[in-house]
Amino acid sequence: MEFDDQNVDVSGVDDRRGRTGGLGRGPMVAGGGGIVAVIVTVLILLLGGGGGSLPPTGALDQGTGTSSGVVSDLKTRCNTAGAIDTYDDCYLVKVYNETNEVWGAEFARLGESFRQPTLTFYDGYAQTSCGSASAQVGPFYCPADEHIYIDIGFLSQLQEQVGAQGRYAQAYILAHEYGHHVQSVLGIESQVRSAQRANPSQANALSVQMELQADCLAGVWGNLANAAGNVTISATEATQAQSAAAAVGDDRLQAQSGGPVNPETWTHGSAKQRQTWYTTGYRSGDINRCNTFSS
(Lines give C-alpha, C1' and ligand atoms only; values in the text may rest on other atoms or scores of the structure.)
Protein backbone atom coordinates (compact mmCIF):
# COMPACT_ATOMS: atom_id res chain seq x y z
CA MET A 1 0.00 0.00 0.00
CA GLU A 2 1.39 3.38 -1.00
CA PHE A 3 0.72 6.45 1.14
CA ASP A 4 0.36 10.02 -0.07
CA ASP A 5 3.15 11.07 2.28
CA GLN A 6 5.63 9.46 4.66
CA ASN A 7 4.91 11.56 7.75
CA VAL A 8 3.93 9.46 10.76
CA ASP A 9 1.97 11.27 13.48
CA VAL A 10 2.23 9.46 16.84
CA SER A 11 0.25 12.02 18.86
CA GLY A 12 -2.75 9.68 19.12
CA VAL A 13 -0.69 6.63 20.10
CA ASP A 14 -0.48 5.16 23.59
CA ASP A 15 2.59 2.90 23.51
CA ARG A 16 2.56 0.72 26.62
CA ARG A 17 5.11 -1.82 25.46
CA GLY A 18 7.77 -2.61 28.00
CA ARG A 19 6.14 -0.53 30.70
CA THR A 20 6.14 -1.43 34.35
CA GLY A 21 3.94 -0.17 37.14
CA GLY A 22 0.48 0.95 36.03
CA LEU A 23 0.04 -1.71 33.36
CA GLY A 24 1.81 -4.79 34.64
CA ARG A 25 1.91 -8.19 32.97
CA GLY A 26 -0.62 -10.76 34.01
CA PRO A 27 -0.82 -14.50 33.37
CA MET A 28 -1.13 -15.53 29.73
CA VAL A 29 -3.11 -18.48 28.43
CA ALA A 30 -0.77 -21.26 27.39
CA GLY A 31 -1.03 -24.91 26.49
CA GLY A 32 1.35 -27.80 26.16
CA GLY A 33 2.94 -26.28 23.09
CA GLY A 34 3.08 -22.73 24.39
CA ILE A 35 1.13 -19.69 23.24
CA VAL A 36 1.04 -20.51 19.54
CA ALA A 37 -0.43 -23.95 20.23
CA VAL A 38 -3.56 -22.45 21.74
CA ILE A 39 -4.09 -19.61 19.29
CA VAL A 40 -6.79 -21.36 17.27
CA THR A 41 -8.83 -22.24 20.35
CA VAL A 42 -9.07 -18.61 21.41
CA LEU A 43 -9.49 -17.04 17.99
CA ILE A 44 -13.25 -16.81 18.38
CA LEU A 45 -12.42 -13.51 20.10
CA LEU A 46 -10.25 -12.23 17.26
CA LEU A 47 -11.41 -8.86 15.99
CA GLY A 48 -13.91 -8.71 18.85
CA GLY A 49 -16.24 -5.76 18.89
CA GLY A 50 -16.60 -3.71 22.03
CA GLY A 51 -14.05 -5.77 23.88
CA GLY A 52 -15.35 -9.22 22.91
CA SER A 53 -15.90 -11.15 26.15
CA LEU A 54 -14.46 -8.42 28.33
CA PRO A 55 -16.73 -6.84 30.95
CA PRO A 56 -18.55 -3.74 29.66
CA THR A 57 -17.15 -1.56 32.41
CA GLY A 58 -14.29 -1.73 34.87
CA ALA A 59 -12.48 0.19 37.56
CA LEU A 60 -9.07 -1.06 36.58
CA ASP A 61 -5.94 1.05 36.39
CA GLN A 62 -5.52 1.99 32.74
CA GLY A 63 -2.13 3.59 33.15
CA THR A 64 -1.35 7.14 32.18
CA GLY A 65 -0.31 6.70 28.56
CA THR A 66 3.17 6.77 27.17
CA SER A 67 6.11 8.60 28.61
CA SER A 68 7.43 11.49 26.54
CA GLY A 69 10.59 9.51 25.93
CA VAL A 70 8.73 6.55 24.43
CA VAL A 71 6.63 8.85 22.24
CA SER A 72 9.72 10.69 21.10
CA ASP A 73 11.55 7.46 20.25
CA LEU A 74 8.58 6.12 18.26
CA LYS A 75 8.19 9.42 16.43
CA THR A 76 11.87 9.57 15.56
CA ARG A 77 12.09 5.96 14.38
CA CYS A 78 8.86 6.03 12.38
CA ASN A 79 9.86 9.20 10.56
CA THR A 80 13.14 7.86 9.25
CA ALA A 81 13.46 6.81 5.62
CA GLY A 82 11.86 3.43 4.93
CA ALA A 83 10.42 3.02 8.44
CA ILE A 84 6.83 2.46 7.28
CA ASP A 85 7.96 -0.44 5.09
CA THR A 86 10.33 -1.83 7.71
CA TYR A 87 8.47 -1.69 11.03
CA ASP A 88 4.99 -3.06 11.67
CA ASP A 89 4.28 -0.53 14.40
CA CYS A 90 5.17 2.39 12.11
CA TYR A 91 3.03 0.90 9.35
CA LEU A 92 0.05 0.51 11.69
CA VAL A 93 0.44 4.04 13.03
CA LYS A 94 0.44 5.35 9.47
CA VAL A 95 -2.71 3.35 8.66
CA TYR A 96 -4.23 4.77 11.85
CA ASN A 97 -3.32 8.30 10.69
CA GLU A 98 -5.12 7.71 7.41
CA THR A 99 -8.21 6.23 9.08
CA ASN A 100 -8.40 9.31 11.28
CA GLU A 101 -8.15 11.61 8.29
CA VAL A 102 -10.60 9.72 6.08
CA TRP A 103 -13.29 9.12 8.69
CA GLY A 104 -12.96 12.68 9.99
CA ALA A 105 -13.55 14.00 6.48
CA GLU A 106 -16.46 11.64 5.85
CA PHE A 107 -18.22 12.57 9.09
CA ALA A 108 -17.73 16.25 8.25
CA ARG A 109 -19.25 15.64 4.81
CA LEU A 110 -22.24 13.97 6.46
CA GLY A 111 -22.61 16.81 8.95
CA GLU A 112 -21.77 14.59 11.91
CA SER A 113 -19.36 15.29 14.76
CA PHE A 114 -16.40 12.96 15.11
CA ARG A 115 -13.71 12.16 17.63
CA GLN A 116 -10.62 10.06 17.08
CA PRO A 117 -9.86 6.90 19.04
CA THR A 118 -6.49 6.17 20.64
CA LEU A 119 -4.25 3.48 19.19
CA THR A 120 -2.69 1.48 22.02
CA PHE A 121 0.26 -0.87 21.60
CA TYR A 122 0.90 -3.33 24.41
CA ASP A 123 2.68 -6.60 24.93
CA GLY A 124 1.21 -9.56 26.72
CA TYR A 125 -1.42 -8.00 28.94
CA ALA A 126 -3.53 -4.86 29.02
CA GLN A 127 -5.71 -3.11 31.55
CA THR A 128 -8.64 -1.29 29.96
CA SER A 129 -11.93 0.33 30.93
CA CYS A 130 -13.57 -2.80 29.54
CA GLY A 131 -11.60 -5.08 31.86
CA SER A 132 -8.25 -6.84 31.64
CA ALA A 133 -7.13 -8.79 28.60
CA SER A 134 -4.20 -10.90 27.48
CA ALA A 135 -2.94 -10.77 23.92
CA GLN A 136 -4.76 -14.01 23.10
CA VAL A 137 -8.06 -12.18 22.66
CA GLY A 138 -6.55 -10.64 19.55
CA PRO A 139 -6.81 -6.97 18.56
CA PHE A 140 -9.86 -5.36 20.12
CA TYR A 141 -11.66 -2.07 20.64
CA CYS A 142 -12.94 -0.87 24.02
CA PRO A 143 -15.83 1.59 23.69
CA ALA A 144 -15.55 2.66 27.33
CA ASP A 145 -12.15 4.30 26.79
CA GLU A 146 -12.23 4.49 22.96
CA HIS A 147 -8.89 2.73 22.55
CA ILE A 148 -7.92 0.23 19.87
CA TYR A 149 -5.63 -2.34 21.53
CA ILE A 150 -3.02 -4.26 19.55
CA ASP A 151 -0.19 -6.58 20.58
CA ILE A 152 1.89 -6.49 17.40
CA GLY A 153 3.88 -9.64 18.14
CA PHE A 154 0.78 -11.68 18.78
CA LEU A 155 -0.92 -10.14 15.74
CA SER A 156 1.82 -11.62 13.55
CA GLN A 157 1.32 -15.03 15.15
CA LEU A 158 -2.41 -14.82 14.58
CA GLN A 159 -1.88 -14.03 10.90
CA GLU A 160 0.40 -17.03 10.52
CA GLN A 161 -2.01 -19.39 12.26
CA VAL A 162 -5.22 -18.45 10.45
CA GLY A 163 -3.73 -17.70 7.03
CA ALA A 164 -4.48 -13.96 6.99
CA GLN A 165 -1.41 -13.31 4.90
CA GLY A 166 -0.02 -10.05 3.57
CA ARG A 167 0.79 -6.64 4.98
CA TYR A 168 -2.54 -5.19 3.95
CA ALA A 169 -4.26 -7.83 6.10
CA GLN A 170 -2.93 -5.81 9.05
CA ALA A 171 -4.51 -2.68 7.62
CA TYR A 172 -7.83 -4.55 7.34
CA ILE A 173 -7.61 -5.68 10.97
CA LEU A 174 -6.97 -2.13 12.18
CA ALA A 175 -9.70 -0.77 9.90
CA HIS A 176 -12.14 -3.34 11.32
CA GLU A 177 -11.40 -2.27 14.89
CA TYR A 178 -11.70 1.35 13.79
CA GLY A 179 -15.09 0.38 12.38
CA HIS A 180 -16.17 -0.46 15.92
CA HIS A 181 -15.17 3.05 16.93
CA VAL A 182 -17.32 4.45 14.14
CA GLN A 183 -20.20 2.37 15.52
CA SER A 184 -19.54 3.75 18.98
CA VAL A 185 -19.52 7.37 17.78
CA LEU A 186 -22.78 6.81 15.90
CA GLY A 187 -24.43 5.20 18.93
CA ILE A 188 -24.83 1.82 17.21
CA GLU A 189 -22.67 -0.05 19.70
CA SER A 190 -24.66 1.11 22.73
CA GLN A 191 -27.95 0.28 21.00
CA VAL A 192 -26.75 -3.23 20.22
CA ARG A 193 -25.57 -3.81 23.80
CA SER A 194 -28.96 -2.63 25.10
CA ALA A 195 -30.76 -4.96 22.70
CA GLN A 196 -28.57 -7.86 23.81
CA ARG A 197 -29.41 -7.23 27.46
CA ALA A 198 -33.11 -6.94 26.67
CA ASN A 199 -33.16 -10.11 24.58
CA PRO A 200 -30.31 -12.46 25.60
CA SER A 201 -31.47 -15.16 23.20
CA GLN A 202 -30.53 -12.85 20.32
CA ALA A 203 -27.18 -11.77 21.78
CA ASN A 204 -25.07 -13.86 19.41
CA ALA A 205 -27.09 -12.92 16.33
CA LEU A 206 -26.78 -9.23 17.19
CA SER A 207 -23.05 -9.64 17.76
CA VAL A 208 -22.69 -11.20 14.30
CA GLN A 209 -24.53 -8.29 12.72
CA MET A 210 -22.34 -5.74 14.51
CA GLU A 211 -19.13 -7.55 13.52
CA LEU A 212 -20.21 -7.81 9.88
CA GLN A 213 -20.97 -4.11 9.88
CA ALA A 214 -17.44 -3.41 11.16
CA ASP A 215 -16.12 -5.50 8.27
CA CYS A 216 -18.21 -3.44 5.86
CA LEU A 217 -16.94 -0.19 7.40
CA ALA A 218 -13.37 -1.43 7.00
CA GLY A 219 -14.11 -1.83 3.31
CA VAL A 220 -15.70 1.62 3.11
CA TRP A 221 -12.54 3.14 4.56
CA GLY A 222 -10.40 1.43 1.91
CA ASN A 223 -12.60 2.82 -0.86
CA LEU A 224 -12.69 6.35 0.55
CA ALA A 225 -8.97 6.42 1.28
CA ASN A 226 -8.22 5.28 -2.26
CA ALA A 227 -10.61 7.80 -3.79
CA ALA A 228 -9.23 10.69 -1.73
CA GLY A 229 -5.66 9.84 -2.64
CA ASN A 230 -4.62 9.12 0.95
CA VAL A 231 -3.48 5.65 -0.07
CA THR A 232 -3.17 3.52 -3.17
CA ILE A 233 -4.49 0.02 -2.62
CA SER A 234 -3.62 -2.53 -5.28
CA ALA A 235 -5.92 -5.30 -6.47
CA THR A 236 -3.62 -7.79 -4.73
CA GLU A 237 -3.96 -5.93 -1.43
CA ALA A 238 -7.74 -5.77 -1.74
CA THR A 239 -7.68 -9.54 -2.18
CA GLN A 240 -5.50 -9.87 0.93
CA ALA A 241 -8.16 -8.06 2.95
CA GLN A 242 -10.93 -10.22 1.53
CA SER A 243 -8.94 -13.36 2.35
CA ALA A 244 -8.21 -12.10 5.86
CA ALA A 245 -11.90 -11.42 6.46
CA ALA A 246 -12.75 -14.95 5.36
CA ALA A 247 -9.90 -16.46 7.39
CA VAL A 248 -11.42 -15.26 10.66
CA GLY A 249 -14.94 -16.48 9.91
CA ASP A 250 -16.46 -18.39 12.81
CA ASP A 251 -16.98 -21.53 10.74
CA ARG A 252 -13.32 -21.69 9.72
CA LEU A 253 -12.10 -21.02 13.25
CA GLN A 254 -14.37 -23.69 14.71
CA ALA A 255 -13.21 -26.19 12.09
CA GLN A 256 -9.55 -25.38 12.80
CA SER A 257 -10.08 -25.87 16.52
CA GLY A 258 -11.35 -29.39 15.88
CA GLY A 259 -14.81 -28.73 17.26
CA PRO A 260 -18.20 -28.84 15.53
CA VAL A 261 -19.23 -25.99 13.26
CA ASN A 262 -22.29 -24.60 15.03
CA PRO A 263 -23.85 -21.41 13.60
CA GLU A 264 -25.87 -20.87 16.79
CA THR A 265 -22.66 -20.12 18.69
CA TRP A 266 -21.22 -17.71 16.14
CA THR A 267 -20.44 -14.17 17.26
CA HIS A 268 -18.65 -12.78 14.19
CA GLY A 269 -20.15 -14.46 11.13
CA SER A 270 -19.10 -17.06 8.59
CA ALA A 271 -16.14 -16.75 6.26
CA LYS A 272 -18.47 -16.03 3.35
CA GLN A 273 -20.45 -13.42 5.30
CA ARG A 274 -17.35 -11.57 6.46
CA GLN A 275 -15.80 -11.54 3.01
CA THR A 276 -19.07 -10.47 1.40
CA TRP A 277 -19.64 -7.55 3.75
CA TYR A 278 -16.06 -6.32 3.50
CA THR A 279 -16.38 -6.42 -0.28
CA THR A 280 -19.70 -4.58 -0.13
CA GLY A 281 -18.06 -1.72 1.75
CA TYR A 282 -14.94 -1.68 -0.41
CA ARG A 283 -16.85 -1.57 -3.69
CA SER A 284 -19.46 0.97 -2.59
CA GLY A 285 -17.55 3.36 -0.32
CA ASP A 286 -20.96 4.09 1.19
CA ILE A 287 -21.60 3.80 4.91
CA ASN A 288 -25.31 3.46 4.19
CA ARG A 289 -24.66 0.17 2.40
CA CYS A 290 -23.44 -1.32 5.68
CA ASN A 291 -26.84 -1.88 7.32
CA THR A 292 -26.23 -5.49 8.30
CA PHE A 293 -29.08 -5.32 10.80
CA SER A 294 -31.72 -5.29 8.06
CA SER A 295 -30.21 -8.20 6.15
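Using the 2.2 N^0.38 Å rule of thumb for compact globular proteins, work out how the range 174-238 stacks up: its C-alpha Rg over that value, please. List each step's numbers first, then the result.
Details: Rg = 14.5 Å, N = 65, 2.2 N^0.38 = 10.7 Å.
Taking N as the residue count of the range 174-238, the ratio is 1.34.
From the P(r) of the range 174-295, could you give the percentage of C-alpha pairs in the tail past 26 Å? Intermediate results must be reported in sequence, preceding the final value.
Numbers: 1561 of 7381 pairs.
Everything past 26 Å amounts to 21 percent.
Taking amide hydrogens as modeled 1.01 Å from N in the peptide plane, which residues meet the under 5 Å criterion relative to Gly269, leaving out close sequence neighbours?
Asp250
Please give the contour-minus-distance gain from Ala203 to Arg115: 0.36 nm per residue of separation, less the Cα-Cα distance, rounded to one decimal in nm. Don't skip to the end; give the middle numbers.
Working: separation 88, 0.36 × 88 = 31.68 nm, distance 2.78 nm.
Extra length from Ala203 to Arg115 when fully extended: 28.9 nm.
Accessible area, 1.4 Å probe, largest first: how do Trp266, Trp221 sort? Numbers along the way, then the final one.
Details: Trp266 35, Trp221 0 Å².
Ranked list, largest accessible area first: Trp266, Trp221.
May I ask you to evaluate 6.51 cos²θ - 1.76 cosθ + 1.60, the Karplus curve with θ = phi - 60°, for each residue of the range 170-175 and list the ³J(HN,Hα) values in order in whole Hz, giving x for glycine and proline?
For the range 170-175, the Karplus curve yields 5, 5, 4, 4, 5, 5 Hz.
Ordered by residue, what ³J(HN,Hα) values in Hz, to whole numbers, does the range 78-86 give under the Karplus form 6.51 cos²θ - 1.76 cosθ + 1.60, where θ = phi - 60° and Gly and Pro are x?
3J(HN,Hα) across the range 78-86, in whole Hz: 6, 9, 8, 4, x, 5, 4, 7, 8.
Which cross-chain or sequence-distant (5 or more) residues have an amide H under 5 Å from the amide H of Phe140, H modelled 1.01 Å from N in plane?
Correct list: Tyr149.
How large is ³J(HN,Hα) for each residue in the range 222-235, as worked out from phi by the Karplus curve 6.51 cos²θ - 1.76 cosθ + 1.60 (θ = phi - 60°), to whole Hz, x for Gly and Pro?
x, 5, 5, 5, 5, 5, 7, x, 5, 9, 10, 9, 7, 4
Can you give me the pair-distance distribution of the range 108-249, C-alpha pairs, 10 Å bins, whole percents?
Going out from 0 Å in 10 Å bins, the range 108-249 shows 11, 37, 39, 13, 1 percent.
The values are calculated or read from the model by the stated rules, or taken from the named source; none is laboratory data. For clarity, every value in this text was computed on a predicted model and none was experimentally measured. The protein model used for the area step is the full one, side chains on, heavy atoms only, and it has no ligands, DNA or RNA in it. Shrake-Rupley method; radii C 1.70, N 1.55, O 1.52, S 1.80 Å.
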